[in-house]
């Protein structure tokens, strides 16, 4: 959860310094794609149907999701990304599960989801009233939350093994690299070498592979129900890191909203 929270804060930190969303995406896709290539070769998805489903999941959690999230981070605080994406995902996932799989949410879970929606509204409310460009970032985070929910429900509906599916997803992102190289040239090479190396390892190895592996291991040890209770730590860590690293202090109404999202997430997970 700390790694997942750190991606929002540390990505925005680099974007405020030297790297663009396109640069960070290139670093993530290069490292994650090359590290995933042996897995895909060894556990290649069988058949056109499997590849078609993985292509859908790749849109939901691969390159498009990543680019939308990064672009949102150029417009809105990192805490907004963590709260909206992490909190909005279970709301949209529940709606998709209801519409796609026909599973109605339990009334107790619906109460938690309603609290999440109220909290998310409070998080974005100051920017809606004042104006500016932050609301555009929040809108992109909402799209990212919907895409991540599609990935979650799709992986469950199609019963896809997460490791080879995730590996294939990052391999499918590799065509982005030559396009980036043709358009951006050697721009990323002009950035500080240490920052580039750190972001390549953190984004491509830490976020894309290590965090997923740790979460999968936690699910196996604790069970998916108990493991899901740790998800509310993402906005908590992101807010704290955002204050320390980016000097982004939420307004009082936003703190109330963040607390509401966290409580709603815990409530919904306990009554799933």
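Overview of values
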item: Fluctuation leader among 28, 159, 53 - the chain, Gaussian network, Cα springs under 10 angstrom; result: 159
item: [x] 81, 54, 29; [y] 48, 44, 31; [z] 72, 57, 38, with the label sought being that of the calculated Cα extents along the principal axes in Å; result: [y]
item: Sites residue 37 and residue 217 - FRET efficiency at Förster radius 22 Å, r taken between beta-carbons, to 0.05; result: 0.45
item: Gain in span if fully extended, residue 17 to residue 272, counting 0.36 nm per residue against the direct Cα distance; result: 87.7 nm
item: MRE, 222 nm, helices only [DSSP H, n ≥ 4, -39500 (n - 2.57), over the chain, to nearest 500]; result: -24000 deg cm²/dmol
item: Kirkwood Rh in Å, taken over all unlike Cα pairs in region 159-272; result: 17.5
item: Residue of 214, 75, 140 that the Gaussian network model of the chain assigns the largest fluctuation, springs spanning Cα pairs under 10 Å; result: 214
item: Full-stretch length increase - residue 158, residue 186 - with 0.36 nm per residue and alpha-carbon distance subtracted; result: 6.0 nm
item: Among 177, 54, 262, residue whose mean-square fluctuation peaks in a GNM of the chain (springs only between Cα atoms under 10 Å); result: 177
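Bear in mind that the values in this text are calculations on the coordinates, not laboratory data. Bear in mind the structure is a predicted one, so any value in this text is a computation, not a measurement. Don't worry about glycine lacking a Cβ; one is built from the backbone with ideal geometry, like all the others, and counts go over all protein chains shown.
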